[in-house]
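Here, each number is a calculation from the coordinates, and none is a lab measurement. For clarity, every value in this text was computed on a predicted model and none was experimentally measured. Here the Cβ positions follow ideal geometry from the backbone for every residue, glycine too, while neighbour counts run over all protein chains shown.
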Amino acid sequence: MEFKYARGSVTSEDLIGLLVFSGRMDALLKEAIERREVRRKAMELDIRASDEELQAAADRLRKELGLVRADVTMAFLTGFGLTVEDLQEYCEFEALREKVRERLTPEAKINEYFLNYRADFDRATISIITVDSEELARELIMRVVEDGEDFHELASEYSLDEGTRENGGRVGAVPRSAYSPEVSAKIFNADPGDVVGPFSLGDRSLLILVEKVEKGGLTDEARTAVRDRIYQDWLHAFLRAGISVAS
């Protein structure tokens with residue numbers, strides 16, 4: 001395929017090279033594989049998109065692309081050598097993905113997954129102080145634990161973390177995956193009010209005030225996250241072996 005412009009043309013080979021060397025090809029290939037496998041799974045499970053769902057998906061796409069009229073849409077398709085059938089096939093994925101996702105994640109599977117990975121959904125509310133020496137970090141621990149100084153005031157004065165310093169070091173709720181297993185173990189085994197650390201972060205030292213620890217529950221938010229994980233695990237099965245190029 002060739003795309004012409006005022007001073008020449010750009011070929012599909014040019015585009016492939018650009019995508020490969022700019023690092024964008026991998027994401028594009030994964031999306032193309034997802035679309036193909038969702039349609040294949042939908043056929044296997046006898047899942048179909050209704051005319052209304054296809055129309056809604058097409059309307060959303062046309063709005064995104066600024067294709068306000070049917071004749072503009074046809075001109076757009078023709079300009080790229082595409083057909084109405086190509087448009088329908090593209091939109092079909094949008095209508096089918098959620099249906100396939102729901103069929104792949106029945107309630108029993110969600111409950112089983114959550115029980116196996118419940119710790120992943122734990123949350124700890126923390127504040128941090130980051131300084132440039134372990135000696136200073138240990139001094140600040142003593143000032144909080146033994147002298148009763150306020151952790152947040154010390155964070156505002158000493159912390160080098162620009163994202164949290166102005167807020168007294170407050171980070172908010174974080175999952176176990178926010179830190180290394182060693183650090184997370186200290187956080188989630190602490191009692192509210194404990195200061196853990198210092199932990200080495202390259203040339204810096206980290207102190208963490210544990211303000212609250214909450215065990216994960218199967219909330220609506222967690223249920224959505226579990227559904228997405230199961231769906232992504234299914235999809236990644238097609239990607240683990242890598243992608244080869246056939247000439």
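Summarising the amide proton neighbourhood of Ala49: residues at separation of 5 or more, or on other chains, whose placed amide H is nearer than 5 Å comprise an empty set.
Normalised Debye scattering of region 1-48 at q = 0.29 Å⁻¹ gives log10 I(q)/I(0) of -0.97, counting only Cα atoms as equal scatterers and leaving out solvent. Its residues counted as N, region 123-214 yields a C-alpha radius of gyration over 2.2 N^0.38 Å of 0.96.
For the chain, the fraction of alpha-carbon pairs lying more than 32 Å apart is 51 percent, rounded to a whole number.
Mean separation of Cα pairs under 8 Å and 6 or more residues apart, divided by the residue count, gives region 2-104 a relative contact order of 30 percent.
Partner aspartates and glutamates whose Cα lies under 18 Å from the Cα of Lys215, excluding those fewer than 8 positions away in the same chain, are identified as Glu112, Asp120, Asp122, Asp191, Asp194. Remark: relative contact order (the chain) = 19 percent; criterion is Cα-Cα distance under 8 angstrom and separation of 6 or more residues.
Shape analysis of region 2-104 based on the Cα gyration tensor places the equivalent ellipsoid semi-axes at 28, 21, 10 Å, largest first. Peptides 149-161, 66-78, ordered by how many other C-beta atoms sit within 10 Å of their residues on average, highest first, read 149-161, 66-78. From the alpha carbon centroid of region 123-139 to that of region 31-68 is 49 Å.
For region 196-206, 3J(HN,Hα) computed residue by residue from phi via the Karplus equation (6.51, -1.76, 1.60; θ = phi - 60°) reads 10, x, x, 10, 7, 10, x, 9, 10, 10, 10 Hz, glycine and proline entered as x. Here the Karplus curve 6.51 cos²θ - 1.76 cosθ + 1.60, taken at θ = phi - 60°, turns the phi angles of region 43-60 into couplings of 5, 4, 8, 6, 9, 10, 8, 6, 4, 5, 5, 5, 5, 5, 5, 5, 5, 5 Hz, with x standing for Gly and Pro.
Hull volume per residue, based on the alpha-carbon atoms of region 63-156 and their convex hull, is 271 Å³.
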